[in-house]
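Trainee: One structure follows; several queries about it will come next.
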Amino acid sequence: MIKAEKSDKQVVMEILAASFSNNRSVNYVIPQNEKKMERIRKLMAYSFDVCFAFGDVYLSDCRRACALVLYPDRKRMTWQSIWWDLKLVATVFGLSRTAKVLSREQLIKKHHPSGNMFYLWFIGVNVSFQRTGIGKQLLLELLQQSKLMQRPVYLETSAPENVPWYQRSGFEVYAEEELSYRLFFLRKLL
């Protein structure tokens, strides 16, 4: 596992956009029209920027899988982050969906701990290399990194088929919420 550089942004965006193109949670906030993939790429660009500033972005050694990790305790409101948020609303969700997005984000945050955490915001594998063990290896390396940092790992998934995959790595489902889809909250404590 390697830490991504700014120059890796395009690679990370493409892996995540393809991996999450049919994701229920992503599609809940993205208008479903001819600009869907363009909007998902912009969402992933936003997420990359936020994690690069307030967390870490990782690539597998083969550069076919990636993860965006956020440390919410390090997140600060800056002119840059305000600009990113405004751009996200204008180019990804649209003003009409902002209340829906903010409501969902509040729902998610109410399930997060108040202390430090290793928030695995996104993890994805190039679609041509899924089910080859690359994602599993990256996840194991992320868990090792969280241990070194003494931070429990938290994440959400809207893909019920992914829950057993996380559970095999020691995660537990600690909450569920019903939106227009079921959202599973998982954690791996220290």
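Trainee: Tell me which of these ILE123 doesn't satisfy, since it passes every other one: (1) under 20 Å from ALA45 (Cβ atoms); (2) open to solvent by less than 80 Å² (accessible area, probe 1.4 Å); (3) out of contact with any Leu (no Cβ under 8 Å at 6 or more places or on another chain); (4) not in a helix (DSSP H, G or I).
Mentor: (3)
Trainee: I've got another one for you. Just a yes or no: is a residue in region 84-94 more than 29 Å from GLU161 (Cα to Cα), in contact (Cβ under 8 Å) with a residue 60 or more places away in the chain and surrounded by fewer than 20 Cβ atoms within 10 Å (Cβ to Cβ)?
Mentor: Checked region 84-94: at least one residue is more than 29 Å from GLU161 (Cα to Cα), in contact (Cβ under 8 Å) with a residue 60 or more places away in the chain and surrounded by fewer than 20 Cβ atoms within 10 Å (Cβ to Cβ).
Trainee: Only residues that are part of a strand (DSSP E or B) and closer than 20 Å to PHE20 by Cα: list them for region 141-155, please.
Mentor: Step one: list which residues in region 141-155 are part of a strand (DSSP E or B), which gives 153-155.
Correct list: TYR154, LEU155.
Trainee: Which condition does SER47 not pass, out of (1) free of Cβ contacts under 8 Å to residues at least 40 places away in the same chain; (2) of a type in the set (Gly, Ala, Ser); (3) buried (at least 16 other Cβ atoms within 10 Å of the Cβ), if it passes all the others?
Mentor: Evaluating SER47 over (1) free of Cβ contacts under 8 Å to residues at least 40 places away in the same chain; (2) of a type in the set (Gly, Ala, Ser); (3) buried (at least 16 other Cβ atoms within 10 Å of the Cβ) leaves (1) as the failure.
Trainee: Give region 55-79 a look and list any residue that's under 18 Å from GLU5 (Cα atoms), touching a helix residue (DSSP H, G or I) at 6+ places or on another chain (Cβ under 6 Å) and open to solvent by 20 Å² or more (accessible area, probe 1.4 Å), or say none.
Mentor: ARG64
Trainee: Still on this structure: Looking at (1) under 28 Å from PRO152 (Cβ atoms); (2) in a helix (DSSP H, G or I); (3) open to solvent by 20 Å² or more (accessible area, probe 1.4 Å), which one does MET37 not meet, given that it meets all the others?
Mentor: Among (1) under 28 Å from PRO152 (Cβ atoms); (2) in a helix (DSSP H, G or I); (3) open to solvent by 20 Å² or more (accessible area, probe 1.4 Å), MET37 violates only (1).
Trainee: Look at ARG63 and say whether it is modelled with pLDDT of 95 or more and assigned to a loop (DSSP other than H, G, I, E, B). First the steps, then the outcome.
Mentor: Details: modelled with pLDDT of 95 or more: yes; assigned to a loop (DSSP other than H, G, I, E, B): yes.
Here the answer is yes, as ARG63 does meet what is asked.
Trainee: Right, here's the next one. Report, by residue number, each residue of region 24-34 that is among the hydrophobic types (A, V, I, L, M, F, W, C) and either in a loop (DSSP other than H, G, I, E, B) or open to solvent by 40 Å² or more (accessible area, probe 1.4 Å) (or both).
Mentor: ILE30
Trainee: Go through (1) at positive phi; (2) open to solvent by less than 70 Å² (accessible area, probe 1.4 Å) for GLN150 and report which single condition fails.
Mentor: GLN150 satisfies every listed condition except (2).
Trainee: Please determine, by comparing only the residues of region 156-175 that are assigned to a strand (DSSP E or B) and under 16 Å from the mean Cα position of the chain (by Cα), which one is farthest from LEU107 (Cα to Cα).
Mentor: Of all residues in region 156-175, those assigned to a strand (DSSP E or B) come to 156-157, 172-175.
Add one more test, that the residue is under 16 Å from the mean Cα position of the chain (by Cα), and what stays is 156-157.
On the way: GLU156: 12, THR157: 14 Å.
By that ranking, first place goes to THR157.
The values are calculated or read from the model by the stated rules, or taken from the named source; none is laboratory data. Please read all numbers here as calculations on a predicted model, not as lab measurements. In this analysis, Cβ positions are derived from the backbone assuming ideal geometry, glycine residues included, and neighbour counts consider all displayed protein chains. Ligands, DNA and RNA are excluded from the accessible area calculation, which covers all protein heavy atoms including side chains. Shrake-Rupley method; radii C 1.70, N 1.55, O 1.52, S 1.80 Å.
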